[in-house]
Number of protein chains: 4
Amino acid sequence: MKPRKPSPKKPRYNEGEVLSPWRESLHSIIFGAETRPAKIFDLVLIISIVCSVLSVMLGSVSTLHERFAQWFFYSEWFFTLLFTVEYALRLISVRRPWLYCRSFFGIVDFLSIIPTYLNFLFPGIKYMLIVRVLRLLRVFRILKLSEYLSEAQILMQALSQSCHKILVFLYTVCTLVIVFGSLMYVVEGSEAGFTSIPKSVYWAIVTLTTVGYGDIAPQTPLGQIIASTIMIMGYGIIAVPTGIYSAELLKVGKMEEINNQACPDCGETGHDYDASFCKYCGHPLDSD
Amino acid sequence: MKPRKPSPKKPRYNEGEVLSPWRESLHSIIFGAETRPAKIFDLVLIISIVCSVLSVMLGSVSTLHERFAQWFFYSEWFFTLLFTVEYALRLISVRRPWLYCRSFFGIVDFLSIIPTYLNFLFPGIKYMLIVRVLRLLRVFRILKLSEYLSEAQILMQALSQSCHKILVFLYTVCTLVIVFGSLMYVVEGSEAGFTSIPKSVYWAIVTLTTVGYGDIAPQTPLGQIIASTIMIMGYGIIAVPTGIYSAELLKVGKMEEINNQACPDCGETGHDYDASFCKYCGHPLDSD
Amino acid sequence: MKPRKPSPKKPRYNEGEVLSPWRESLHSIIFGAETRPAKIFDLVLIISIVCSVLSVMLGSVSTLHERFAQWFFYSEWFFTLLFTVEYALRLISVRRPWLYCRSFFGIVDFLSIIPTYLNFLFPGIKYMLIVRVLRLLRVFRILKLSEYLSEAQILMQALSQSCHKILVFLYTVCTLVIVFGSLMYVVEGSEAGFTSIPKSVYWAIVTLTTVGYGDIAPQTPLGQIIASTIMIMGYGIIAVPTGIYSAELLKVGKMEEINNQACPDCGETGHDYDASFCKYCGHPLDSD
Amino acid sequence: MKPRKPSPKKPRYNEGEVLSPWRESLHSIIFGAETRPAKIFDLVLIISIVCSVLSVMLGSVSTLHERFAQWFFYSEWFFTLLFTVEYALRLISVRRPWLYCRSFFGIVDFLSIIPTYLNFLFPGIKYMLIVRVLRLLRVFRILKLSEYLSEAQILMQALSQSCHKILVFLYTVCTLVIVFGSLMYVVEGSEAGFTSIPKSVYWAIVTLTTVGYGDIAPQTPLGQIIASTIMIMGYGIIAVPTGIYSAELLKVGKMEEINNQACPDCGETGHDYDASFCKYCGHPLDSD
């Protein structure tokens, strides 16, 4: 919840209206993760989310839809009403409802329920229902509260620190793919499926990333030599993002591990997280 | 062998009935790995397992089955009887047969022999015979006893320590695959093979993991742009599990490297290679 | 700009003619990156490059070309004239125009504009136009000036330091691919598409790099066994370039980390993070 | 050259007959790499090897073979005679010809020339000619003598040290592939191409290694769910060999870098390769 600019009169923690006790306890159940009711709430919510997404997915299978149309209709409304109630409870139990609405998860919560109502009002917009699979994103909120937090944080921190390197890598990949795609457009011509540069670039992406559908494949010897070059390059340069991320992850992991404390006697740092004595001079370290 | 709650009267090591000498030596041959007969037993067992699985595999090739039906029938019974004898010997030579039966390898051993008997009694359940390939799992028991133990342990330890990170990664992959699959279902429609969301999700998995069968492939320009995004993402985020596992393996490997010297005073290990003093009690370490 | 052998009479920094003030400021706008006009110039240039390449790409799509032929014609000349003006300005504002012309980016700049003029003079050479996508390379010049410089340098340094290892790896891959390709040519024969050794080698590259188009696929059992071997090898030896690059990147990254403290006596850097004495002259380092 | 058990009378270096001066200098040209003639010899040899293999490869293309049959015939004999002369010179210039013949490279040299002669004597055995591509292996001998030696050695050392871990990994992959292949044989049946267990296992390898030809692809929903599992597993467990090899390469690289020398004063080790003074006590290190 991104705080609005606080008014100077109230202390920051109490900003917004003060919640009545029952709303306070509702808040701890819905937004918290420590108490037993909060854990049960999270579990029920995860199961509901997974079931509702499964129902959306299976509802798109035409054979199933024909046989169980009624069932899918009811399940759609059941989950929509359930998430509507949950959304209302979140709005009630939160101190600043408008801030919650504009937050990332507030928008996701809203998108989880609105397509069914819209489809009820305007029956034409069938594809809007797909938005419902975004409900899956809501599980990440529960993840945020749990013991997975630190793990996810390490992964994200390493990703954001290697962000610049990855952008340089991505631009290089794009350039390679466009240059080689254009080359193949000239070399192969439209018989083999290379009908335009965008299509050739699409083929180059399919090849460089080692996906290789095979719907478009070079036919001429020269085209196959160029394709081989792209493949070996794609096989080799996958080392670059992997190397970047491994190195960054090791660095982040090491920072976590190493005791930030300096020895009070010799001032040396770099002790292990479980060290009680300085490894260079033997002076006791403060136990933290 | 998971020990049952020991009765307080007997020392723990001797719990269960005392084995007679010939059963004791049978035990050391079958369950041990140090003596020469034990090694020969292991070798014969590995060869039998590999041959029996090869026989099951080749027996499913219809041209071979027609010509050598007799041969496959005999080999099936030969290996089944062999493994039955082995199973009986294991039951005899072990102190607590029931515990062995319920252990992981006990169940695998049982599953190795039972399908042939069941097929004899109820000839209809042909596909039950496939269970016989699980015999391959039995080789891991022999691995457990050998010099590969520590290697396998390092690999498993790194895997189990990076377990949480990998689960976070897997959930992210699942979300990506379902969201992009649904998007492609809307964008491509059923002409290109995206007939339902589950099928589109299957296609998204095929693409993200860079497998790329090509049985379903996007046809519209917009679909190909989305597909390119998925491919580049799949090409990039393979860095994540690799980075996680490399970092973890390095950490586990480093632990192996450093714990050679125990503190002469408190006996603690795990000091860095450049430590001069025990990090737990401050006693000087021997410089080696 | 690679300096020519300087004449001994002038100081090196002032070699070439002295620029008049307006050319000096033009130089700082076009070749610099710090001032506000220089940043605006770079931004406009990047947008022009991307738009012109998009126009080239879309112009190759026949349906679009038919409908918007006029539009593509005008955009081609618009961007060509724009880049021609830019090229002229670069020639004017630089001290030694001839050196600039022969530099890598000078050639790329020239190749960005020449195909349109050539096509105007000799209308036959249609495919020459493809050269225009090389304009994408020009973005790397702007990259060179920006905050991405150090990131790109680290990636390149690690690449150039692991260059020998990667060449050994590439030669091994080539040998494997040729040997296995020849083997498959003998084993499979021309029914399955293995019509010649070069084609079999192409197939082996497609398989080893895990691209797997499926346009050529082994049909005989022996061929499928050999193919399986190549696949598992390809799956395994991707570890080699990844390992090489990860290790090199870690080493380069570590060098960045450690050289913060210079020896107060001899000024040498590159000490380890836990060093107490200068490793070159033995003078104590400040503990930080 | 693997030395035979030396007779006790002669010093080891001079074992075998003493070479006459011209054979000594021939030896240094053919087997050495330092002198200028040796370098020219190596260069000519590499070019000949590459040209001869290219000639073998192109000779298998039927259109080229028809037009240039004469040319391929002459080039075949030219290279064969060239390598025969080289083989004879190696036999002459080496102290113990028989040992050379039985060494790895002696056998490769022999296999490089014998197919052409055999084909001349027994014209039927056409496919024997394929053996000639093994000539490519001979380039590794020249590699062994050059500056690439240490690079290749580091790669090989890391590979051999991670050998046990990789074997455990490979056995696990084999088990997975056989178990999942058998499962798919039962689930999919022969309509979708899963006609036997070996074929299903082949499909499982194609899928797990992310090659994905698409000649066999699951059709039933259950089959596609299992296939998705295999793909995600394959996508994930590629982290295992990569992690193993990266960790091992880092370890090997670190050993090379670190000065093995212990400080003469405090006995500490782990100094950098360019350190002149102990980083812990400031005592000068012996310069080696």
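The values are calculated or read from the model by the stated rules, or taken from the named source; none is laboratory data. Please read all numbers here as calculations on a predicted model, not as lab measurements. Cβ: placed from backbone, ideal geometry, glycine included. Neighbour counts: every protein chain shown. SASA here: full protein model, heavy atoms, side chains in, ligands and nucleic acids out. Shrake-Rupley method; radii C 1.70, N 1.55, O 1.52, S 1.80 Å.
Name the residue that is modelled with the highest pLDDT, counting only residues in segment C:77-106 that are open to solvent by 40 Å² or more (accessible area, probe 1.4 Å) and among the charged types (D, E, K, R).
C:Arg102
Within 9 Å of another protein chain (Cβ to nearest Cβ), touching a Ser or Thr at 6+ places or on another chain (Cβ under 9 Å) and either on the phi < 0 side of the Ramachandran plot or loosely packed, with under 14 Cβ neighbours inside 10 Å (or both): which single residue out of D:Val139, D:Val187, D:Val168 fits that description?
Just one listed residue meets the conditions, D:Val139.
Is it the case that segment D:157-164 has a residue that's within 17 Å of B:Leu58 (Cβ to Cβ), aliphatic (A, V, I, L, M), more than 7 Å from every other protein chain (Cβ to nearest Cβ) and assigned to a helix (DSSP H, G or I)?
The answer is no, given that none of the residues of segment D:157-164 is within 17 Å of B:Leu58 (Cβ to Cβ), aliphatic (A, V, I, L, M), more than 7 Å from every other protein chain (Cβ to nearest Cβ) and assigned to a helix (DSSP H, G or I).
Which count do you get for residues in segment B:99-122 that are touching a Gly at 6+ places or on another chain (Cβ under 9 Å) and farther than 15 Å from B:Arg141 by Cα?
Adding up the residues that qualify gives 1.
Assess whether B:Thr80 counts as being farther than 18 Å from B:Gly32 by Cα, more than 11 Å from chain D (Cβ to nearest Cβ), of a type outside the set (A, V, I, L, M, F, W, C) and free of Cβ contacts under 8 Å to residues at least 60 places away in the same chain. Before the answer, list the steps.
Values: farther than 18 Å from B:Gly32 by Cα: yes; more than 11 Å from chain D (Cβ to nearest Cβ): yes; of a type outside the set (A, V, I, L, M, F, W, C): yes; free of Cβ contacts under 8 Å to residues at least 60 places away in the same chain: yes.
Considered against the rule, which asks whether it is farther than 18 Å from B:Gly32 by Cα, more than 11 Å from chain D (Cβ to nearest Cβ), of a type outside the set (A, V, I, L, M, F, W, C) and free of Cβ contacts under 8 Å to residues at least 60 places away in the same chain, B:Thr80 comes out as yes.
Which one is modelled with the highest pLDDT, of the residues in segment C:1-21 that are among the charged types (D, E, K, R) and open to solvent by 50 Å² or more (accessible area, probe 1.4 Å)? Reasoning before the result, please.
We begin by selecting, within segment C:1-21, every residue among the charged types (D, E, K, R); these are C:2, C:4-5, C:9-10, C:12, C:15, C:17.
Narrowing the set further to residues that are open to solvent by 50 Å² or more (accessible area, probe 1.4 Å) leaves C:2, C:4-5, C:9-10, C:12, C:17.
Details: C:Lys2: 42, C:Arg4: 44, C:Lys5: 45, C:Lys9: 43, C:Lys10: 41, C:Arg12: 42, C:Glu17: 57.
Among those residues, the one meeting the criterion is C:Glu17.
Go through segment B:22-49 and count every residue that is surrounded by fewer than 16 Cβ atoms within 10 Å (Cβ to Cβ), within 21 Å of the chain's Cα centre (by Cα) and without any contact (Cβ under 8 Å) to a residue 60 or more places away in the chain.
2
Looking at (1) touching a residue at least 12 places away in the same chain (Cβ under 8 Å); (2) more than 11 Å from chain A (Cβ to nearest Cβ); (3) of a type outside the set (Val, Ile, Thr), can you tell me which one C:Leu58 breaks?
Exception for C:Leu58: condition (2).
Take A:Gly59 and tell me if it is of a type outside the set (Ser, Thr, Tyr), out of contact with any strand residue (DSSP E or B) (no Cβ under 9 Å at 6 or more places or on another chain) and farther than 19 Å from A:Ile114 by Cβ.
no
Does C:Val53 fit the bill of being among the aliphatic types (A, V, I, L, M) and either within 28 Å of A:Tyr202 (Cα to Cα) or touching a residue at least 60 places away in the same chain (Cβ under 8 Å) (or both)?
It is true that C:Val53 is among the aliphatic types (A, V, I, L, M) and either within 28 Å of A:Tyr202 (Cα to Cα) or touching a residue at least 60 places away in the same chain (Cβ under 8 Å) (or both).
Name the residue that is least open to solvent (accessible area, probe 1.4 Å), counting only residues in segment B:171-184 that are facing chain A (nearest Cβ under 9 Å) and either out of contact with any Ser or Thr (no Cβ under 7 Å at 6 or more places or on another chain) or hydrophobic (A, V, I, L, M, F, W, C) (or both).
B:Thr175
All but one of (1) surrounded by 20 or more Cβ atoms within 10 Å (Cβ to Cβ); (2) in the same structural domain as C:Ile29 (by TED's automatic domain parsing); (3) closer than 24 Å to A:Val187 by Cβ hold for C:Val206; state the number of the condition that does not hold.
All conditions are met except number (2).
Tally up the residues in segment A:217-244 that are open to solvent by 10 Å² or more (accessible area, probe 1.4 Å) and under 22 Å from C:Ser196 (Cβ atoms), please.
10
Give A:Ser52, A:Ser60 a once-over and let me know the one that is touching a Phe, Trp or Tyr at 6+ places or on another chain (Cβ under 9 Å), under 19 Å from A:Val139 (Cα atoms), open to solvent by less than 70 Å² (accessible area, probe 1.4 Å) and in the same structural domain as A:His27 (by TED's automatic domain parsing).
A:Ser52
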